[in-house]
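The values are calculated or read from the model by the stated rules, or taken from the named source; none is laboratory data. Owing to the predicted nature of the structure, the values given are computational and were not obtained by experimental measurement. Heads up, the Cβs are rebuilt from the backbone with ideal geometry, glycines too, and the neighbour counts pull from every protein chain shown.
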């Protein structure tokens with residue numbers, strides 16, 4: 001499995017995990033950092049781990065299109081799953 005597909009799978013896991021935390025742990029919604037930034041932090045950790053593991057070699061860097069698609073997927077999951085559960089999420 002290539003790094004791009006791994007990142008998309010990671011984005012789905014991040015989105016589902018963050019949405020589950022928002023639904024199941026109400027105190028998480030009042031933390032000063034919005035879910036938008038939690039996604040960015042998780043993606044930065046993935047990028048850092050990939051860079052350290054592959055030392056920036058070809059095939060270890062995620063394409064811009066994959067980054068954008070993964071971000072949209074994670075953001076949609078974080079927004080729509082709590083909405084289906086009846087919880088309003090402030091993304092910013």
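Report yes if residue 19 is within 15 Å of the chain's Cα centre (by Cα), without any contact (Cβ under 8 Å) to a residue 40 or more places away in the chain and in a helix (DSSP H, G or I), otherwise no. Steps first, please.
Numbers: within 15 Å of the chain's Cα centre (by Cα): yes; without any contact (Cβ under 8 Å) to a residue 40 or more places away in the chain: no; in a helix (DSSP H, G or I): yes.
When the stated conditions are applied, residue 19 does not pass them.
Within the range 60-82, identify whether any single residue is farther than 24 Å from residue 3 by Cβ and either touching a helix residue (DSSP H, G or I) at 6+ places or on another chain (Cβ under 6 Å) or in a loop (DSSP other than H, G, I, E, B) (or both), and answer yes or no. Among the residues of the range 60-82, at least one is farther than 24 Å from residue 3 by Cβ and either touching a helix residue (DSSP H, G or I) at 6+ places or on another chain (Cβ under 6 Å) or in a loop (DSSP other than H, G, I, E, B) (or both), which makes the answer yes. The residues of the range 21-39 that are exposed (fewer than 14 other Cβ atoms within 10 Å of the Cβ), over 15 Å from residue 87 (Cα atoms) and modelled with pLDDT of 80 or more amount to a single one, 37.
Quick test for you: out of 36, 28, 7, pick the one residue that is touching a residue at least 60 places away in the same chain (Cβ under 8 Å), in a helix (DSSP H, G or I) and out of contact with any strand residue (DSSP E or B) (no Cβ under 7 Å at 6 or more places or on another chain). Unique residue meeting the criteria: 7.
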